[in-house]
Amino acid sequence: MDKIILKKLADLEEKHRVKILFAVESGSREWGFASEDSDYDVRCIHISSRESYLSLNKVQEQINEISDNIDIVSWDIRKFFSLFLKSNPTVSEWLSSDIVYINRKLGKYDKSLLLKIFNKGFSRSKLQKHYISLARQNYEKYINSSDKDVLLKKYVYILRGLGCVEYINKTNNLPPLNWSLSYKFLPENVRRIFERLVEMKKSSEANKGSRDEKLDKW
């Protein structure tokens, strides 16, 4: 699959006349609970052509390419650094990814050095608010709005977000992307439920089940 993804990235560079600085995996495959039918979520940072930056027309900030089960999103470097300075959580997750397809330097800066800089200066409260907001949105939209069976993977996304909140709160550092590392500060009974739900999600994205009253209350 790596060869297929690298070929698609090379095609994207040629088609849009850009150079990709780094490309990583994001989403469930990086978070540690992908199923066989999970998509590949490839996220990139690119530099556009010199002519495009000198043009009176605005540079395209984002490129989207979707084919089969590979979803590629690439940001122009100016968009990336604008959000980098705002402690954007998406920037955090892309820089933290351990599944790397491309990693080129911009001067002396590569992905690992940018991550060190981000980790040193990011806004803890902003990142926590982001994960809380994602958890709340998923809960209200997919769990609390239904009296019937729910998609169990939504619980997984909610618990991962809350695990990240607690990790930041306890360590003052960026949370690991893999759920099995970032969830360690959740209550023991919640961790056990989380583990069970992850195994169910890994078997299929479409697994449904009854709402968990104890988990909902927590």
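Taking the DSSP bridge list for the chain and keeping only pairs wholly inside it, about 75 percent are antiparallel. Across the chain the C-alpha pair distances fall into 5 Å bins from zero in the proportions 1, 6, 13, 17, 17, 15, 13, 9, 5, 2, 1, 0 percent. Could you work out how far the C-alpha centroid of the stretch 190-217 sits from that of the stretch 67-146, in angstrom? What the calculation gives is 25 Å, centre to centre.
With both labels modelled 7 Å from their Cα along Cα-to-Cβ, the Leu83 to Arg104 distance reads 2.0 nm.
If you run the Gaussian network model on the chain, springs between alpha carbon atoms under 10 Å, then out of Ala206, Ala135, Ala34 the most flexible one is Ala206. Suppose the Debye formula is applied to equal point scatterers at every Cα of the stretch 1-92; what is log10 I(q)/I(0) at q = 0.25 Å⁻¹? Evaluating at q = 0.25 Å⁻¹ gives log10 I(q)/I(0) of -1.33. Residue ranking by accessible heavy-atom surface, 1.4 Å probe, largest first, among Lys3, Lys116 comes out as Lys3, Lys116. The length gained by stretching the chain between Glu140 and Asn69 to full extension, at 0.36 nm per residue less their Cα-Cα distance, is 22.8 nm. Solvent-accessible surface of the chain, taken per residue with a 1.4 Å probe and all protein chains present: 56 Å². Accessible surface of the chain, 1.4 Å probe: 49 percent of it comes from carbon and sulfur atoms. In the chain, a dipole from Cβ-located charges (positive for Lys and Arg, negative for Asp and Glu) runs towards its positive end, and of Ile4, Leu174, Ile117 it is Ile117 whose Cα lies farthest in that direction. Applying Stokes-Einstein at 25 °C and 0.890 mPa s to the Kirkwood radius of the stretch 43-106, computed over alpha-carbon pairs, gives a translational diffusion coefficient of 187 µm² s⁻¹. Site pair Asp2 and Lys58 shows an inter-label distance of 3.8 nm when each label is modelled 7 Å from Cα along Cα→Cβ.
The values are calculated or read from the model by the stated rules, or taken from the named source; none is laboratory data. Here the structure is a predicted model, which is why all the values come from computation and not from measurement. Glycine also receives a Cβ, built like all others from the backbone with ideal geometry; neighbour counts cover every protein chain displayed. Surface accessibility is based on the protein's heavy atoms, side chains included, excluding ligands, DNA and RNA. Shrake-Rupley method; radii C 1.70, N 1.55, O 1.52, S 1.80 Å.
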